[in-house]
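Worksheet: one structure, shown below.
The values are calculated or read from the model by the stated rules, or taken from the named source; none is laboratory data. Nothing here was measured: the structure is a model prediction, and the numbers come from that model. No Cβ is skipped: glycine too gets one built from the backbone with ideal geometry, and neighbour counts run over all protein chains shown.
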């Protein structure tokens with residue numbers, strides 16, 4: 001017997017709240033990263049230490065309290081988790097940093113947030129999710145809103161290079177795997193196992209990649225850098241991803257991608273509050289579009305059926 005409708009709605013609402021919570025935490029990545037850059041860390045070092053510290057903290061916790069988590073039921077699971085770690089952590093972290101370096105923050109964000117389009121189409125093809133007119137309208141609203149928010153920041157630099165655009169689109173593809181892989185495999189693999197193996201694989205890829213790029217990760221970092229790195233690891237990675245995967249199990253991948261588009265709005269608000277980086281009218285229009293798209297996302301959704 002299926003669950004009562006009000007229980008399904010409650011589950012979907014809780015899932016939506018969890019995804020929004022994750023997006024709010026992700027929105028602080030930019031502020032924390034800027035603080036680390038000012039302390040002399042390279043983007044490669046920030047990407048590596050974010051993954052490595054997250055994997056280390058989670059690994060210690062798992063070994064102490066949930067040692068069975070490190071066991072894999074199938075041999076193919078190691079390939080799945082390792083592959084996801086390479087793409088969803090290693091390539092994603094590096095591609096976004098390179099897109100930012102070769103273009104600008106605004107352009108990198110614009111390119112990254114083509115991801116909701118990829119997710120909605122991929123969810124239709126791979127997961128069988130409905131592709132309704134309403135969902136398409138919401139996707140268009142949030143994508144245009146993100147673009148306007150990023151470009152509409154006072155002093156936002158718009159600089160295009162072929163390499164930067166390629167890396168930016170690659171970051172969007174890698175980011176989209178969070179939704180498609182997460183929806184299909186995480187319910188079986190488990191959140192802790194997925195995070196532990198994917199973050200470890202990502203860190204193992206980022207270390208040599210950073211060294212090849214001329215920025216080998218250093219242990220001798222400024223003392224002030226470690227609290228910021230811990231905030232990235234604990235808040236924007238472990239807690240945020242735990243909330244995200246928990247929520248994703250209760251709503252569609254496409255709708256989760258729409259909800260998570262609130263992230264750059266949070267980033268813009270934090271930039272305004274901390275760095276006094278104001279928004280132009282175009283930027284505020286973008287904020288309004290994103291909020292409207294996110295607010296409309298819960299309309300008509302339902303919790304996923306139990307097989």
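Summary table
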| item | result |
| --- | --- |
| Filter result for residue 178 (in a loop (DSSP other than H, G, I, E, B), touching a residue at least 12 places away in the same chain (Cβ under 8 Å) and either in contact with a helix residue (DSSP H, G or I) (Cβ under 9 Å, 6 or more places away or on another chain) or surrounded by fewer than 15 Cβ atoms within 10 Å (Cβ to Cβ) (or both)) | no |
| Residues located in the stretch 272-307, provided they are in contact with a strand residue (DSSP E or B) (Cβ under 8 Å, 6 or more places away or on another chain) and either at pLDDT below 75 or part of a loop (DSSP other than H, G, I, E, B) (or both) | 272, 277, 278, 279, 280 |
| Options 235, 202, 164; residue that is in a helix (DSSP H, G or I), modelled with pLDDT under 90 and touching a helix residue (DSSP H, G or I) at 6+ places or on another chain (Cβ under 6 Å) | 164 |
| Hits in the stretch 231-244 - residues which are crowded, with 24+ Cβ neighbours inside 10 Å and more than 13 Å from residue 29 (Cβ to Cβ) | 244 |
| The stretch 119-150: number of residues that are buried (at least 19 other Cβ atoms within 10 Å of the Cβ) and either part of a helix (DSSP H, G or I) or at pLDDT 85 or above (or both) | 16 |
| Scan of the stretch 62-82 for residues that are in contact with a helix residue (DSSP H, G or I) (Cβ under 8 Å, 6 or more places away or on another chain) and either surrounded by fewer than 17 Cβ atoms within 10 Å (Cβ to Cβ) or free of Cβ contacts under 8 Å to residues at least 60 places away in the same chain (or both), ordered by number | 63, 66, 70, 72, 78 |
| Condition broken by residue 41, with the remaining ones in (1) at pLDDT 85 or above; (2) touching a helix residue (DSSP H, G or I) at 6+ places or on another chain (Cβ under 7 Å); (3) part of a helix (DSSP H, G or I) satisfied | (3) |
| Those residues of the stretch 206-216 which are surrounded by fewer than 21 Cβ atoms within 10 Å (Cβ to Cβ) and part of a helix (DSSP H, G or I), in sequence order | 207, 208, 209, 211, 212 |
| Residue in the stretch 56-76 that is within 26 Å of residue 254 (Cβ to Cβ) and modelled with pLDDT of 85 or more present | no |
| Tabulated pairs, the stretch 45-61, first farther than 12 Å from residue 200 by Cα, second part of a helix (DSSP H, G or I), C-beta under 7 angstrom, 6+ apart or interchain | 45/210; 46/33; 46/36; 47/93; 47/94; 47/97; 47/206 |
| Residue within the stretch 247-266 that is on the phi < 0 side of the Ramachandran plot, touching a strand residue (DSSP E or B) at 6+ places or on another chain (Cβ under 8 Å) and at pLDDT below 85 present | no |
